[in-house]
Amino acid sequence: MKARLLIAAMMTLTSLPLEAQDRLPPAPYAYQQLNDPAKEAKAKALMETLRCLVCQGQSIADSDAPLAGDMRHEVRTKIAAGESPDTIRKWLVARYGNWVSYDPPFDGATALLWLGPLLFLGVGGWLAFGRFRRAGGEDER
Amino acid sequence: MIAELGLALLWMAAALACLSLVAGALFLRGGPKDLASLVRPASVAQGVLTAAAFGLLIALFVRSDMSVELVARNSHSLKPMLFKVAGAWGNHEGSMLLWLTILGLSGALVALFERRLREDTLVATLAAQAALSLGFFAFLLFSSNPFNRLPIAPPDGQGLNPLLQDPGLAFHPPTLYIGYVGLSVAFSFAVGALVTREIGPAFARAMRPWVLGSWIFLTLGITAGSYWAYYELGWGGWWFWDPVENVSLVPWLAGAALLHSVAVTATRNALRAWTVMLAVIGFSMSMVGTFIVRSGLLTSVHSFAVDPERGTFLLVLMAIYIGGALALFALRAGTVAEGKKFALLSREGSLVINNLLLTTILALVLLGTLYPIVAEAMGEKISVGPPYYNKVAGPLALILCLVMVAGPLLAWRRDDGKRLWSRLPPAVLAGALVLFGLVLFGGSVRILPLLGMTVAAVVAVASLAPLWGRNLRRTPLPTWGMVIAHFGVAVALAGMAAESAFIKERLVAAAPGETVKVDDFAVTFVGVRPIAGPNYTAIEGRLVATTGSGASFTLRPEARTFPGLMGGPPTETNEAALLTRPGGQLYAVLGQPVTSPDGTAERYQLRLWWKPLVWWIWLGGALIAIGAALSMLGRAQLLAMWRTHRSKKAQERFAP
Amino acid sequence: MRNRWILFVPLAIMALLFGAFVYRLVTPAETLIQSQWINKPMPLFDLPPATAGVEGLKSSQLADGRPRLVNVFASWCIPCRAEAAQLEALKRAGVPIDGIAIRDRPEDVAAFLNEFGNPFDRIGSDQQSSVQIALGSSGVPETFLIDGKGIIREQIQGVILAGDVPRIIAKLEAMK
């Protein structure tokens, strides 16, 4: 188990070169844009919302990790082949779970995440506006 | 000797904090009056001794005394002097000592200068501050002693993480810490006022400069940190909605809410319980943030010094302080009248909406940061990132900006809509011009940046409205401060929106002599050469950027390699080169070399961005801080305080 | 005061927050990202040989009726070296093992096999990690247990330890 923990620790630290690096050049589309600006814009927007698997909280769009480069290649290749960003996100989520997407879906487990702020605003607003109404008359009490 | 002296000073300071707390508590429970007179000098001495201990720690780093464990682990004799000094707080123990120093010095300043509060409230405040210090002294002395000696001194130290070897480290953490810890004074004032039930304009006025002061440092710290990440991480991002960034934003949001609500309490004696609660929340969020970063609770690009055991210690401390203060609030605030009432359409009304929105944003940032833990408990691993915050916080922030347009133009107590409308046409016109301009000529701009730029135009014009028709020389400093800070918000917002809407990116593998077009620039890759820095080697690229009008500039991005010390592997960092132009910044990064199949001409990966108006983001941050500083100068009445102090001294001298 | 209970709300929210903190300190975060592509068919791929003298790997070859292991490895991965002995033991027990070499050069793979042995029937070269991504794998080494119909039944992240070997043999046996 210890060995596995060590590997886990190494994998989370790829920003520091503890893990051995491969000697292959990056994949073609890791550092190369698509020729079609509209498609590149789509790919870029998608990459900014996908989480790098081996980094500490970075998107694949801002990481030099080789796997992040390969994922960028994967995304750009799929976009170039005409797939929609949404399909690609679903394809990746089917493999890595929602962890890979920075845009959490709305479901049972995330309902509070999406509705919490609205709830907070609603209750806060109700309290504050209650005060205003009561204040409708005279201002001293 | 220096290390032992430092440790001794810390123990003495801890004893003095103990004395302040006990004497203060006994006095408040009806003890003899003499006890109260002990508290002030003890607070001052505690601050001075802690600061002296911190000074000694810096001295140890400057002398590279490797027999001290902390120095050996975090410094190296060949490091440039600036990084030796900064190394003193670039680690867990040193930064906790910095935290305690600021805590102690804040208490000392309150003890020396605060004359507006009742004696018993002041004693309670200083006792609360001493209680905070005491817990952190215990943390430092029992679990993170910075002065620990090694049995055998190593020949040299292990160095400092290369990413941290940057002038940014010298200024960013101390600035942020002054802000974080400065909020402790507001916390202590709130506890003191709850203990003695003295919650009113005097308490608010005493607290106000402290809130402004810490908020200035928080603003500067966050702005500087954002710029540091922008040029150091090498991808041009200036805000990642990363957990560590978020927990520094949360106290800032609490401070922003507090400095607006404290204005209502100080001026109109209203929102009293709310102000007290925000004062408690502000420093609580500072502690929560420190806890999250130190315990390694959440993974982040910025995390350092991760230790779950320390996390547990901090958690217990926080539970005592935050739980205690909020319990006190729950029990006492019911007896505090909410104060004077007001209409919705009034200065107070707009400030209440401001507070509602700011606290909602605060809550959602905290929720988004911690929700992955909740989801994991429910059996799902999720990530919460920029898309969530943009969707949820973005619209709220824009509404907040619109409230900011109306607020300063409204009168206290109640106002009528017609008067407000009569002052708005120029701002609405500016917004409409920007909106139509963007829709007609801007190409396809996404909705959030589009609204962002429009709102920025409205706010920029409207923020100046409080100055219209006024004698500018006689306009009080706090009004100037408000105008400049609100204008700064517009500037920063415009920068953020324009950068995300109009950014141009070019990623190329360029051979020497090749020219790349980025927006209006023709960037020629001249070549690379090896260079040696004080403790690293680097490949320096030379790029010549020529503008459309023919002016040309040289950029020198570097790819640095720091040797692995103590047998560790070498570390590589990217130093971006920035060209600042009136319309934005050109950002260049030198990436990996690319060898062509025949192995001849070497190409290099270049990453080039044109970022329109990007520096407005940090200019806006600086303007917000300047505005808050002017406001603080106007509120602190340092001059007046100094005069009364002098006349009092004079009276004492002539007393029989 | 009427709404007294409301004053306790901040305290309650703080208590919830602390609950989350305590939960996380007691149960540290799982840093490995597990594949969700379990109990699903192997994705379609056709990888070229990773080095001279070995056979490449096609996904269709993985559904030949015999349960097997697919080992995702790389010559540059230091922990992968520690795994060689266990893979050898599995091979001796008659377990078919195929390999996928991630981001690797032929000469490096050859040197790796030379030094640490070759337990693989076939080794496909995945130079752009595309099969690795299609499998939901996030590091090296990882090992996938495949049943006779080509369905992925288990993912083992990190090095297979000596103690894991009998369990793996038993599990593959049960799939027959």
- Query: Simple spin-label model, 7 Å along Cα-to-Cβ: residue B:595 to residue C:6 in nm?
  - Reply: 7.2 nm
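Starting with the fewest neighbours, write out C:108, B:120 ranked by other beta-carbon atoms found within 10 Å of each beta-carbon.
B:120, C:108
Work out, step by step, the length gained on full extension between residue B:554 and residue B:439: first 0.36 nm times the residue separation, then minus their alpha carbon distance; give nm to one decimal. All intermediate terms of the calculation are to be shown ahead of the outcome.
Working: separation 115, 0.36 × 115 = 41.40 nm, distance 3.54 nm.
My answer for the length gained is 37.9 nm.
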- List every residue whose amide H lies under 5 Å from the amide H of residue B:584, counting only residues 5 or more places away in sequence or on a different chain, with H placed 1.01 Å from N in the peptide plane. B:613
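Go ahead and run the numbers for FRET between residue B:2 and residue B:316, Cβ-Cβ distance against an R0 of 25 Å, rounding to 0.05.
Efficiency at R0 = 25 Å is approximately 0.20.
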- Task: Extending each Cα 7 Å along its Cβ direction at residue C:88 and residue B:418, get the distance between those two points in nm, one decimal.
- Result: 9.6 nm
- Helix C:165-175 versus the longest principal axis of chain C: what angle, 0 to 90°, nearest 10, using Cα atoms? 80 degrees
- Message: At R0 = 22 Å, how high is the FRET efficiency between residue B:378 and residue A:119 if r is their beta carbon distance? Nearest 0.05 is fine.
- Response: 0.80
- Message: Spelling out what I want: for every residue of segment B:274-280, take phi, set θ = phi - 60°, compute 6.51 cos²θ - 1.76 cosθ + 1.60 (Karplus), and round to whole Hz; glycine and proline get x.
- Response: 4, 4, 4, 5, 4, 4, 5
- Query: In sequence order, what are the phi-derived ³J(HN,Hα) couplings for segment A:46-56 according to the Karplus relation 6.51 cos²θ - 1.76 cosθ + 1.60 with θ = phi - 60°, rounded to whole Hz, with x for glycine and proline?
  - Reply: 5, 4, 5, 10, 10, 8, 5, 6, 10, 10, 9
- Note on the structure: Using alpha carbon centers only, segment B:215-260 is separated from segment B:338-409 by a whole-angstrom value of 16 Å
- Query: Considering the dipole of segment B:256-415 built from charges on the beta carbon (Lys and Arg +1, Asp and Glu -1) around the Cα centre, which of B:267, B:355, B:385 is farthest to its positive end?
  - Reply: B:267
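Please compute, for peptide A:69-76, the average count of beta-carbon atoms on other protein chains lying within 10 Å of each residue's beta-carbon. Write down the numbers at each step before the final one.
Working: counts 4, 9, 5, 1, 4, 6, 1, 0.
Average per residue, whole number: 4.
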- Charged-residue dipole, Cβ positions (Lys, Arg, Asp, Glu), segment C:46-175 about Cα centre, Debye nearest 20: 280 debye
- Item | J(HN,Hα) series, segment C:22-35, from Karplus relation 6.51 cos²θ - 1.76 cosθ + 1.60, nearest Hz, glycine and proline x | 5, 4, 5, 5, 6, 10, x, 4, 6, 8, 7, 9, 7, 5
- Item | Residue mean of other protein chain beta carbons inside 10 Å, A:83-96 | 3
- Go through B:445, C:89, B:594 and say which Cα lies farthest out towards the positive end of the charge dipole of the protein assembly as shown; charges sit on Cβ, +1 for Lys and Arg, -1 for Asp and Glu. B:445
- In degrees, nearest 10, range 0 to 90: what is the angle between the Cα axis of helix C:106-116 and the longest Cα principal axis of chain C? 90 degrees
- Note on the structure: Taking Rh as the Kirkwood radius computed over alpha-carbon pairs of segment B:504-614 and applying Stokes-Einstein at 20 °C with viscosity 1.002 mPa s, one gets a diffusion coefficient in µm² s⁻¹ of 145 µm²/s
- Rounded to whole Å, sorted largest first: equivalent-ellipsoid semi-axes of segment C:46-175, Cα gyration tensor: 20, 17, 14
- What is the set of long-range amide H partners of residue B:415 at a cut-off below 5 Å, with H atoms built 1.01 Å from backbone N? B:345
- Task: Going by C-beta contacts inside 10 Å, put B:440, C:161, A:92, B:409 in order with the fewest on the left.
- Result: B:440, C:161, B:409, A:92
- Shape call, chain B: gyration tensor on alpha carbons, a/c limit 1.5: oblate
- Query: Roughly what would the spin-label model give for residue C:66 and residue A:127, points 7 Å off Cα along C-beta, in nm?
  - Reply: 6.9 nm
- How do C:100, B:2 rank when sorted from fewest to most other Cβ atoms within 10 Å of their own Cβ? B:2, C:100
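Taken together, the values in this text are just the output of simple stated rules run on the coordinates, not laboratory data. What you see is a predicted model, and the numbers here were worked out from it, not measured in a lab. Cβ: placed from backbone, ideal geometry, glycine included. Neighbour counts: every protein chain shown.
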